[in-house]
Amino acid sequence: MKAVVFKATREVAVEDVPDARVERDEDVVVRVTSSALCGTDLHMYDGRTGASPGMVLGHEGLGIVESAGPAVHRVQRGDRVVLPAHIFCGVCFNCARGDSAACLRVHPGHVGGAYAMPGMGPFRGSQAELVRVPFADANCVVLPGTPGDEYEDDFVLIADAWVTGWHATELAGVRAADTVAVFGAGAVGLLAAYSAQLRGASEVYSVDLIDERLDKAAELGFVPVDVRQGDPVEQIRELRRARTGARLPGEEEMGGVMAGIDAVGFQARSRSDLGKEDPRQVIDDLARLINPTGRLGIAGVFTATDAAPAPEGGHADGSLHVPWAALFNKGVTVGFGRTHDRRYTTHLRDLIISGRARPGQIVTHHESLENAPGIYDRFDRRVDGIVKAVFRH
Ligand SMILES: [Zn+2]
Ligand SMILES: [Zn+2]
């Protein structure tokens, strides 16, 4: 089968590799119809997280079940399925509680597993013609329709980008009438903002520094905030001052937002030099922006090992200097971590099917798998206006 293979830092190739096959009785093999390119793929591509040469990339796959092992009962050959990025068994101590990202069986000796991520198990990725799905009854979300129909882009985003964005709004406790600021308007950030909107937020601010992302944020009905124009915390406070005419006692103190989301992670840009990384920047800003009694959801990735930590504020072991005291004194609730796909995937599928949500609006590029090396390069360099690219296989 053809697959996108990691070769070396900033080098991928489309190569022939051994076909994915049913290896255990609970497996299925899926013929991929769409797979999406994610910022997390760039953590490997950029040589930050120690990917091994030969690794088949991709953790956002959609396709048709091609073959199934004898212990698979819930899905069958011919089913259209989306494959959530974080693989889980469905029945262990954590899975039984819905905490599927912390599955204890999928990668023995570790907490959680995923396709095509260093440290997350030996699972090959879905930027390939075929992909093996372990514990298939748990890890296939069955969908209606046929490949290439109007939902193809919506459904592929259930694999990761939208569930992660939705999870971020859960972590930040977003509820009706909330004011929400999302730092990062990549796919996850935009879909976190979109999720906040679906949950009834009254104001949604979308912070970034790339024109096409800010344009997309505005197109989706969020207030774009351009970091290149100055301190985003002051910009949002000013926008809110202008918007809220009536004053309740003490409302000036609450001129930030009630819910803040970090959809950037460890590769945050330093505001004193936007060409440099500072992994503390977004958390620092959110600690200033979130109101007393507010909530902070951190969905951006923070890696446990970083081969090239930022000179300012970065550490190879992922340690960070963060403003705990500010968060403590404001009584901010902080939530962290990978999305528990099991809790959300069927709900999000149903929002799409019912016509309530069209997350596929954020997809800007469709590519053939053959073009992977070029699109990785352009996405990595943030050129060509790529917000979200989907490979049509
Ligand atoms: Zn992803
Ligand atoms: Zn489990």
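Tabulated results
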| quantity | calculated |
| --- | --- |
| Qualifying residue in the range 55-70 (condition: more than 21 Å from A20 (Cα to Cα), surrounded by 17 or more Cβ atoms within 10 Å (Cβ to Cβ) and in contact with a Lys or Arg (Cβ under 7 Å, 6 or more places away or on another chain)) | no |
| Residue check for G297: open to solvent by less than 50 Å² (accessible area, probe 1.4 Å) and of a type outside the set (D, E) | yes |
| Positions within the range 8-43 being among the hydroxyl-bearing types (S, T, Y) and open to solvent by 40 Å² or more (accessible area, probe 1.4 Å), in sequence order | T9 |
| Selected residue [touching a residue at least 12 places away in the same chain (Cβ under 8 Å) and away from ligand 1 (no atom under 16 Å from the Cβ)] from A176, A168, A159, A187 | A176 |
| From the options G78, G47, residue that is away from ligand 1 (no atom under 16 Å from the Cβ), at pLDDT below 95 and surrounded by fewer than 22 Cβ atoms within 10 Å (Cβ to Cβ) | G47 |
| Boolean, A96 is more than 15 Å from D41 (Cα to Cα) and out of contact with any strand residue (DSSP E or B) (no Cβ under 9 Å at 6 or more places or on another chain) | yes |
| Count - residues of the range 4-18 that are among the hydrophobic types (A, V, I, L, M, F, W, C) and under 22 Å from the mean Cα position of the chain (by Cα) | 4 |
| Residue identified as in a helix (DSSP H, G or I), open to solvent by 60 Å² or more (accessible area, probe 1.4 Å) and modelled with pLDDT of 95 or more among R241, R288 | R288 |
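Each row is one residue, and each column tells you yes or no for (1) open to solvent by less than 60 Å² (accessible area, probe 1.4 Å); (2) under 30 Å from S52 (Cβ atoms); (3) touching an Asp or Glu at 6+ places or on another chain (Cβ under 8 Å).
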{"residue": "E253", "(1), (2), (3)": "no, no, no"}
{"residue": "V257", "(1), (2), (3)": "yes, no, yes"}
{"residue": "F266", "(1), (2), (3)": "yes, yes, yes"}
{"residue": "P292", "(1), (2), (3)": "yes, no, yes"}
{"residue": "H315", "(1), (2), (3)": "no, yes, yes"}
{"residue": "R349", "(1), (2), (3)": "yes, no, no"}
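Conditions (1) farther than 18 Å from G121 by Cα; (2) free of Cβ contacts under 8 Å to residues at least 40 places away in the same chain; (3) aliphatic (A, V, I, L, M), marked per residue:
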{"site": "R10", "(1), (2), (3)": "yes, no, no"}
{"site": "D19", "(1), (2), (3)": "yes, no, no"}
{"site": "E23", "(1), (2), (3)": "no, no, no"}
{"site": "G39", "(1), (2), (3)": "yes, no, no"}
{"site": "M55", "(1), (2), (3)": "no, no, yes"}
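The values are calculated or read from the model by the stated rules, or taken from the named source; none is laboratory data. The model shown is predicted, which means the values in this text are computed figures rather than measured ones. No Cβ is skipped: glycine too gets one built from the backbone with ideal geometry, and neighbour counts run over all protein chains shown. These area figures cover heavy atoms from the full protein model, side chains too; ligands, DNA and RNA do not enter into them. Shrake-Rupley method; radii C 1.70, N 1.55, O 1.52, S 1.80 Å.
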